[in-house]
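Readers should treat all values here as calculations from the given coordinates under stated rules, not as data from a laboratory. Everything quoted here is computed from the prediction, not taken from an experiment. Cβ placement follows ideal geometry from the backbone for every residue including glycine, while neighbour counts extend to all protein chains displayed.
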Ligand code: G3I
């Protein structure tokens, strides 16, 4: 959810109330939003978002306690190998502790695997890894469990969905990370598969994803689809063709993903094309707005909406 739009656009707030049984803050719970200065926390936007959701008994996911992006400006100068562990522990204690008992789940660690960094363990060369060492992941999960024993604790990542060689390799690296964590009894309850997809020719979803979902089930991990959207960046301008391709991508991914009963949550990253991160970084070269989400700018349902609804109906009746 977009915290600013929630306050400024009553029609958007009404649509969220009507359509969502669970929401996530797109930016309001990230370090740069919460930590204007090292010793200061600003919970105003996050508190408002929780109050909005709780007023309608909408569940809330917390995103995210540990990420290599959207760290505050002061972080690079002030965080060091000597203080980073304490700083992270305090952050998790204050933030997850503040909302203790009120969160459905937390993305405790986000995007910690990045094969392009070339490490044998597949971990991303992030500030947290450099400052704390590879056990920052374990430390974060333990700290989150202590701060909020009721929330489900998730590892969240992207690039895990398709049948491409890159996705196959990343799924394997994520599985190995999760097996290491489970072997050490680290409290990980769930995996978030972000599902930022592309409506590009050749994108396929199938056996690799099915196997991954089965492997996660065997590890006793729930699966959440956490940030679904479909970019149409590589397609020509024609709007009806883009809408059809986006809807087809929703359908082909969801028909595989939702066939596993262990997939418990489906969320899109934004609800309406009126606000989507896809028009920011990596926007289309022709600057046409992306048509990535279940509702258009005027909040009418798109073809993608009906694709999602049909996939959910097929699951219900299977
Ligand atoms: O904080 C400034 C704000 O002060 C300023 O007024 C505004 C004007 O442009 O920019 C603000 O920062 C932007 C921020 O979003 C809040 O709007 C950043 O420039 C922009 O880079 C940032 O983008 C976010 C992106 O993560 C990058 O970190 C997107 O909104 C957000 O949707 C996106 O979300 C991520 C998930 O957290 C993790 N998975 C991938 C997903 C998409 O990248």
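Set against the 2.2 N^0.38 Å expectation for a compact globular protein, region 252-318 has a Cα radius of gyration ratio of 1.27. Here the Gaussian network model covers the chain, with springs between Cα atoms less than 10 Å apart; of 83, 273, 156, 83 fluctuates the most. Among 16, 66, sorting on how many other beta-carbon atoms sit within 10 Å of each Cβ, with the fewest leading, yields 16, 66. Counting only DSSP beta bridges whose two residues both lie in region 9-140, roughly 20 percent are antiparallel.
Kirkwood Rh over Cα pairs of the chain into Stokes-Einstein at 20 °C, 1.002 mPa s: D in µm²/s?
106
The calculated 222 nm mean residue ellipticity attributable to helices in the chain amounts to -12500 deg cm²/dmol, summing -39500 (n - 2.57) over DSSP H runs of n ≥ 4 and dividing by all residues.
For region 90-193, the calculated P(r), taken from all Cα-Cα distances in 5 Å bins from zero up to the bin holding the longest distance, is 2, 13, 22, 24, 19, 12, 6, 2, 0 percent. Note on residue 48 and residue 300: the extension gain reaches 88.1 nm, defined as 0.36 nm multiplied by sequence separation minus the Cα-Cα distance. The convex hull around the C-alpha trace of region 48-100, projected and averaged over every direction, spans 4.5 square nanometres.
For region 60-136, the fraction of alpha-carbon pairs lying more than 18 Å apart is 45 percent, rounded to a whole number. What list of whole percents do you get for P(r) of region 1-136, with Cα-Cα distances grouped in 5 Å bins up to the one holding the largest distance? Pair shares across the bins are 2, 9, 19, 20, 17, 13, 9, 6, 3, 1.
The slack in the chain from residue 41 to residue 201, taken as 0.36 nm per residue of separation less the alpha-carbon distance, amounts to 53.1 nm.
Within region 188-202, find all residues whose amide N lies under 17 Å from a label point positioned 7 Å from the Cα of residue 244 along Cα-to-beta-carbon. Output list for this probe position: 199-202. Scaling the Cα radius of gyration of region 166-318 by the globular reference 2.2 N^0.38 Å produces a ratio of 1.10. With r defined as the distance between the Cβ atoms of residue 121 and residue 255 and R0 fixed at 30 Å, what FRET efficiency is calculated, to the nearest 0.05? E(calc), rounded to 0.05, equals 0.35.
Please report the equivalent ellipsoid semi-axes of region 1-75, computed as sqrt(5 x eigenvalue) of the Cα gyration tensor, largest first, in whole Å.
For region 1-75, the semi-axes come out at 25, 12, 10 Å.
Between residue 11 and residue 211, the distance separating the two model label sites (each 7 Å from Cα on the Cα→Cβ line) works out to 4.7 nm. The Kirkwood radius of region 219-285, taken over pairs of alpha-carbon atoms, gives through the Stokes-Einstein law at 37 °C and 0.692 mPa s a diffusion coefficient of 242 µm² s⁻¹. Ranking of 228, 251 by neighbouring Cβ atoms within 10 Å, starting from the fewest: 251, 228. Taking other C-beta atoms within 10 angstrom as a stand-in for reagent exposure, 281, 90, 111 fall in the order 281, 90, 111, fewest first. You can think of it this way: the chain between residue 83 and residue 218 has 44.9 nm of extra reach, that is 0.36 nm per residue less the Cα-Cα gap. Indicate the gyration tensor shape class of region 133-188 (rounded, prolate or oblate), computed on the Cα atoms with a ≥ b ≥ c the square roots of the eigenvalues: a/c under 1.5 is rounded; otherwise a/b larger than b/c is prolate and the rest oblate. Prolate, because a/c is 1.5 or more and a/b exceeds b/c. Take every Cα pair under 8 Å whose residues are at least 6 apart in sequence, average their separation, divide by the length of the chain, and the relative contact order is 13 percent.
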